[in-house]
1. Can you confirm whether segment 1-11 contains a residue that is farther than 29 Å from Arg394 by Cβ and outside any loop (DSSP other than H, G, I, E, B)?
2. If you check Ala243, Ala225, which single one turns out to be assigned to a helix (DSSP H, G or I), without any contact (Cβ under 8 Å) to a residue 40 or more places away in the chain, aliphatic (A, V, I, L, M) and more than 21 Å from Tyr70 (Cα to Cα)?
3. State all residues of segment 167-183 that are touching a Phe, Trp or Tyr at 6+ places or on another chain (Cβ under 7 Å) and polar (S, T, N, Q); if no residue qualifies, say none.
4. In the list Ala248, Ala243, Ala225, which residue meets the criterion of being touching a Lys or Arg at 6+ places or on another chain (Cβ under 9 Å), of a type in the set (Gly, Ala, Ser) and within 25 Å of Cys110 (Cα to Cα)?
5. Condition first: small (Gly, Ala, Ser), over 22 Å from Cys17 (Cα atoms), in contact with a strand residue (DSSP E or B) (Cβ under 8 Å, 6 or more places away or on another chain) and in a loop (DSSP other than H, G, I, E, B). Can you find one or more residues in segment 314-323 that meet it?
6. Given the residues Asp177, Asp154, which is the only one that is among the charged types (D, E, K, R) and without any contact (Cβ under 8 Å) to a residue 40 or more places away in the chain?
7. Search segment 63-79 for residues being under 16 Å from the mean Cα position of the chain (by Cα) and more than 22 Å from Gly123 (Cα to Cα), and hand back the single one that is surrounded by the fewest Cβ atoms within 10 Å (Cβ to Cβ).
8. Residues that are on the phi > 0 side of the Ramachandran plot, part of a loop (DSSP other than H, G, I, E, B) and not aromatic (Phe, Trp, Tyr): does segment 159-177 have at least one?
Amino acid sequence: MGPLRPIRGMCYEALPCTSEGVDAGGECSKGQALPSPDLLQQGYADQWGPDGRDDLGTISLLGSNVVRVYDAFGVESRHDHGAFLDRAQTVGLHVLAGFHTAGLCPDFNCFETWRKAATASFGLGFKVQNAWHPVVAMVVLLNEPDMLDFVGIDGNTPNCTQGPARCRVKASISALDGFLSAEKAAGITPGSVNLTIAWSSSMHSSVDGKVIDAIGYYGFQDMVAGIANPYEMCNYRPVTELAELQEAFRTRWVNSVNVASDWEYVQEEIAVIYDSLFPMSPWFLSEFHGQNDNQYHNTIVRELESIDGYAQSGAFMGVCFSQFQRPNQIKGDPKGLFGLGLKSIGDDGRTGKVCVEDAREGTPTCRSWDLKCLDPSVVPYQRSDAVATAWGGRVTGPGLCYNMDNALTV
């Protein structure tokens, strides 16, 4: 594996949904449930593997050294995930593996669900002997917990009675607690696997009031305060010894934030104050969408090159660019490096059986989905070529539509 830094990462949420297959409510295949978001499971092998569309190979050829996956833990616990990790290793990609944030977290206490999800993953390929699979560079415990998008005992969002800041901190500290408990019980040596929470760039104040009306770094301060005194900050008593929790935070923690703005704005709002407020931890952009109304080729190249230069030294590590495939299930005009074409991938043109488990009962629902080629000619943005230009890569791969017939975007 090559160096992790600077991070030239690709966000990978490539659900097999064509624009024609999404109804007005955002559901895929005209009213069916969305495909499983756990893309690491073996049923998706024809999408990311070398015998199919080979998304991981394509990501590597673009010049990426990191792939961020969002729902590697907590969605599916019965099928192998190791082949995805092995393929990432083969093509030289570090993996940032995320938990499914919208999981069972009653009263914003995520300990037990996160503990079980991590424990299950160790039997699916994430554990190799007494260590993490070597491609796993970081675990993303939560994605935008400030949205409070969790599931309570009754299946609805838990009632936040102590204020949103304390609720999000309780979820964050308890998720870390459950993860560390599972890791310890499995006898896993942490090695160089870092930990993070990807905060949104919404404007909030930190739980202790030390950061006021800030984007992203309110969450950085939330964790500093919550780890120092979890009971006072969020009415949570850790199962893990507090000293162990604090040591993991001191030695393994990385701050991260999802942003949908230009790089100059991020520098003005976060970079200029970061070293004075958070000297102990590195940080990176866990999602970088760029400015919504300026997504053109030269702008993307310029911003990614500037980010790359800034990440060469200091606390800043780099970026995960959002995202690999256009997310047709999201309303509006979401951006992706690739659209989906008409040509089918694989022998029968479908994924294998991919599964999602009920958050409360754990009952799996499995089905296969149409699998289409990747179209890099999504106009007018040319995002794939922009990324490859900035990172010294190229836009190619066996799953690209221009290597096939009928390269029409759907």
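1. Scanning segment 1-11 turns up no residue that is farther than 29 Å from Arg394 by Cβ and outside any loop (DSSP other than H, G, I, E, B).
2. After ruling out the rest, the residue left standing is Ala243.
3. Ser174
4. None of the others qualify; the one that does is Ala225.
5. yes
6. Asp154
7. Asn65
8. Yes: one or more hits.
Throughout, read-outs are computed from the coordinates displayed, never taken from laboratory work. No experiment lies behind these values; they were computed from the predicted model shown. Reconstructed Cβ throughout: ideal geometry from the backbone, glycine too, with neighbour counts over all protein chains shown.
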